[in-house]
Amino acid sequence: MTEDKAIKKYPVTTGEVAKMLGLPSAAVNLPLGTFTPKTGSLGDLPIANLPIGEVGDRKSEAGSRGSENGDKPKFHKPANYSSAAGHRIESLNQQQAKQSAAFRIGKVILPYAAIFTIGLFLYYFFFTGVDFGSIFKSLPKAATTKESLLQQLEKQNLQAYQTWISGFYYDVQDAKIVDPETDNSGNGLSNFQKYLLNLNPKAYDTLGLGQADSQALAMGINPLTGLSLTQDQKSVVDKYVDLEVASNRLALNRLQQPERVAGVNTNNSGTAPGVINPQPSVSGTPRPPVNTGADLNFASSNPNDWVVVNIQVAGRLEIPSLKINAPIIWSKQPASFENDLRAGVIHYPGTAMPGQIGTTYISGHSSNYLWAKGEYNTIFSHLGDLADNTSVKITVVQKNGKDAFFHYVVTGRKEYSPTDQKQFENSGKSVVALSTCWPVGSTAKRLVVFAELTQVEK
């Protein structure tokens, strides 16, 4: 502001206004910026001493200079102005621009992506036989219908069962002993089934009938009296005792004692002589151990009990609970697997033959392409539902032309990566391993169900 410019003057206040504002009525020619209110007039609030009139004049001067130059008046930032706010605004604008561009691109691509996804789903659903439910399915311990009902009843009566079992055992440290599903006596019945039938969980043959309690039940005999089953016992057996499971459990328990398979003496000496350790896979297909053909170790130490299979004639696999009845092709090399699978399930060359100590490895399709030839493309699609303690039967034709029958009991299941050699490991027992791709419609893993040899018929 120049010195020659006059200070703005304001009109003299009237008496009423002066009285209301606490101003002297004669206050004239006072510059507004230098006025200080009377003590107590506005609550003694501090008021900045700003030369408002001077600011107004400077703005006017800036405007006039801009007009003289033909430019629009510009706002000049003070020296202490921070640019952080400006940067934030600019960054926000850039983000909004990117989001807007992404939205436009997504709007164009989304319909095509949806069509592609639907098409892919229909392709897998109709042409590959994928079981989408199995993708999210875990691998629980499978059970028969009666076993499932029994497990539900266990949960409902657990407290009463614990009170009952505690009457037979004192201060038990091993929880397995009082587990409802354990068979302490080895007679084929679980502890909880004995609770329902009021049988001693420690007794193999309660009355001394010369047979296991489960065998007495199968014959309709009351293990407590030797007479016919009571009506209540019949109801329990009909609803909660799977006699096949009890019989198979009994057979497995017997194997642990005198080390015999029904019909032959066992020789559990470990891995069969002449079997070389598995070699790593190079093509993605699991490579089984190689059998050199020397001194095969059979489940019997007596040569008269040996079963020599005629591999020129297909065997047969039967799994009653899954309604499976399929030929077993004795594959000679991995290169022929795909062709052999069209005719049934395949036996991996180099793994143990039925009746030998070791793992008899048998594989089948769980799914295949719609156009793939063969009537066994889904033969193992329900292999994951095969319950523990259920039966598996293998029939072979011997070199002498006679049939031989091998009875197995399911003992468990496990998932493996396709090239994991542990699925071929021998346990010193005669075991069959039933294998398929898992989940159904995928080759990501291998589901292997194991069953142990319990009886041989010739």
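The values are calculated or read from the model by the stated rules, or taken from the named source; none is laboratory data. This one's a predicted model, so the numbers in the text were calculated from it and none came from an experiment. Ideal geometry is used to build each Cβ from the backbone, glycine not excepted, and the neighbour counts take in all protein chains shown.
So, of the residues in the stretch 303-323 that are of a type outside the set (S, T, N, Q) and in contact with a helix residue (DSSP H, G or I) (Cβ under 9 Å, 6 or more places away or on another chain), which turns out to be surrounded by the fewest Cβ atoms within 10 Å (Cβ to Cβ)?
320
So for the stretch 436-452 (the condition being of a type outside the set (Val, Ile, Thr), more than 22 Å from the chain's Cα centre (by Cα) and assigned by TED's automatic domain parsing to the domain that holds residue 357), does at least one residue qualify?
Within the stretch 436-452, one or more residues are of a type outside the set (Val, Ile, Thr), more than 22 Å from the chain's Cα centre (by Cα) and assigned by TED's automatic domain parsing to the domain that holds residue 357.
For the stretch 110-204, please list each of the helices (runs of 4 or more DSSP H) lying entirely inside it that holds at least 3 residues being at pLDDT 90 or above and closer than 30 Å to residue 238 by Cβ.
Helices (runs of 4 or more DSSP H) meeting the threshold: 145-156, 158-165, 191-197.
For the stretch 400-425, name all the residues that are of a type in the set (S, T, N, Q) and crowded, with 21+ Cβ neighbours inside 10 Å.
Across the stretch 400-425, the qualifying residue is only 423.
List pairs: first residue in the stretch 437-455 and within 30 Å of residue 306 (Cα to Cα), second residue in a loop (DSSP other than H, G, I, E, B) anywhere in the structure, Cβ distance under 7 angstrom, at least six positions apart or on different chains.
449/386; 452/429; 453/299; 455/263
What single numbered condition from (1) under 23 Å from residue 416 (Cα atoms); (2) over 27 Å from the mean Cα position of the chain (by Cα) fails to hold for residue 386?
Here residue 386 meets the rest and fails (2).
Okay, residues lined up against (1) in contact with a Gly (Cβ under 9 Å, 6 or more places away or on another chain); (2) crowded, with 19+ Cβ neighbours inside 10 Å:
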{"position": "181", "(1), (2)": "no, no"}
{"position": "190", "(1), (2)": "no, yes"}
{"position": "198", "(1), (2)": "no, no"}
{"position": "212", "(1), (2)": "yes, yes"}
{"position": "235", "(1), (2)": "no, no"}
{"position": "244", "(1), (2)": "no, no"}
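So which residues in the stretch 426-453 are hydroxyl-bearing (Ser, Thr, Tyr) and buried (at least 22 other Cβ atoms within 10 Å of the Cβ)?
430, 435, 436
Please state which of the following conditions residue 186 fails to meet, knowing it meets all the rest: (1) loosely packed, with under 12 Cβ neighbours inside 10 Å; (2) in contact (Cβ under 8 Å) with a residue 40 or more places away in the chain; (3) of a type outside the set (A, V, I, L, M).
(1)
Looking at (1) modelled with pLDDT under 95; (2) closer than 17 Å to residue 356 by Cβ; (3) aromatic (Phe, Trp, Tyr), can you tell me which one residue 438 breaks?
(2)
Does any residue of the stretch 300-307 turn out to be under 14 Å from residue 394 (Cα atoms) and in a loop (DSSP other than H, G, I, E, B)?
There is at least one residue in the stretch 300-307 that is under 14 Å from residue 394 (Cα atoms) and in a loop (DSSP other than H, G, I, E, B).
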